[in-house]
Ligand code: FPP
């Protein structure tokens, strides 16, 4: 009944910003007797699907967790293979992203990446910078705590130089210094792989996100499951800390 699920989502309130933790590549590969890297490669297809679907539905922003600060401690070959995959993916996909009017940005500690990857990222970002369609963020070498610390440091530097008054720092100002900057907070987090935790992803920005946990492993994530996540979101009453009632209903239609 994939069709019915898609239909429900089409007429219901959509998230403005979706964040996805793409988990389960290693288990998907192991179940087939393949190397973990084969799972990461297979994980590219659902990435393409999510970009296409978000662009088609007019969703404003999509942020994908591709490599965490903690992932550096994986075996060296797996890290090298993932970095190679990112290089290859940017190289191969940037034209198609551009064709779909997607604006690509990489968030995370890019100084930890190879000079070659940094250069390729900069070129892809520049090429798509003026696109007005989907805003696609890929988190690489990203950690939510790292993000908060780098924002605090940036603001502290401005305070020390006299460019910023301590009293000018409020939540909006702090949020703007985070990697997502002035993008709206994700209102839906999808996590695949049957784990139910945040794993240090967008700790500040996910404060009020609805959480959709899927038992599917990331390479198996498909249009039906994406539509299910949207239907789940459409059915949530978003309260942002308010009591249930009229205000909450209004927020549901316009979060
Ligand atoms: C987590 O699964 C997944 C990753 C660490 C890598 C995600 C990367 C991709 C989907 C590839 C391409 C992405 C882009 C945006 C170019 P896991 O290895 O932790 O799986 P496990 O929990 O089964 O071990």
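Data table
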| quantity | calculated |
| --- | --- |
| Condition met for residue 103 (surrounded by 18 or more Cβ atoms within 10 Å (Cβ to Cβ) and away from the ligand (no atom under 14 Å from the Cβ)) | yes |
| Options 97, 136: the member that is in contact with a strand residue (DSSP E or B) (Cβ under 8 Å, 6 or more places away or on another chain), over 18 Å from residue 23 (Cα atoms) and not in a helix (DSSP H, G or I) | 136 |
| Index of the failed condition, residue 91 passing every other in (1) in contact with a strand residue (DSSP E or B) (Cβ under 8 Å, 6 or more places away or on another chain); (2) within 12 Å of the ligand (Cβ to nearest atom) | (1) |
| Hits in the stretch 222-238 (condition: assigned to a loop (DSSP other than H, G, I, E, B) and closer than 20 Å to residue 41 by Cβ) | 222 |
| Meets criteria (part of a helix (DSSP H, G or I) and closer than 27 Å to residue 218 by Cβ) for residue 120 | yes |
| Residue satisfying condition, being more than 20 Å from the chain's Cα centre (by Cα) and at pLDDT 95 or above, within set 183, 202, 166 | 166 |
| Residue within the stretch 241-250 that is more than 13 Å from the ligand (Cβ to nearest atom), part of a helix (DSSP H, G or I), under 18 Å from residue 15 (Cβ atoms) and at pLDDT 95 or above present | no |
| Given (1) over 15 Å from residue 225 (Cα atoms); (2) in contact with a helix residue (DSSP H, G or I) (Cβ under 6 Å, 6 or more places away or on another chain); (3) at pLDDT 95 or above, number of the condition residue 22 does not satisfy | (1) |
| Helices (runs of 4 or more DSSP H) wholly inside the stretch 18-82 that include at least 2 residues being over 21 Å from the mean Cα position of the chain (by Cα) and either near the ligand (Cβ under 9 Å from one of its atoms) or surrounded by fewer than 16 Cβ atoms within 10 Å (Cβ to Cβ) (or both) | 25-31 |
| Residue 106 vs. criteria over 18 Å from residue 20 (Cβ atoms), within 17 Å of the chain's Cα centre (by Cα) and not in a loop (DSSP other than H, G, I, E, B) | no |
| Test result for residue 219, part of a helix (DSSP H, G or I) and surrounded by 20 or more Cβ atoms within 10 Å (Cβ to Cβ) | yes |
| Qualifying positions in the stretch 159-188 - out of contact with any helix residue (DSSP H, G or I) (no Cβ under 9 Å at 6 or more places or on another chain) and assigned to a loop (DSSP other than H, G, I, E, B) | 162, 170, 183, 184, 186 |
| Within the stretch 205-216, tally of residues that are more than 15 Å from residue 18 (Cα to Cα) and surrounded by fewer than 17 Cβ atoms within 10 Å (Cβ to Cβ) | 1 |
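Here is a yes/no grid of residues against (1) crowded, with 19+ Cβ neighbours inside 10 Å; (2) over 16 Å from the mean Cα position of the chain (by Cα); (3) closer than 22 Å to residue 210 by Cβ:
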residue	(1), (2), (3)
111	no, yes, no
115	no, yes, no
124	yes, yes, no
178	yes, no, yes
192	yes, no, yes
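The values are calculated or read from the model by the stated rules, or taken from the named source; none is laboratory data. Only a predicted model underlies this, so the values are computations on that prediction, with no experimental measurement involved. Here Cβ is always computed from backbone atoms with ideal geometry, including for glycine, and neighbour counts include all displayed protein chains.
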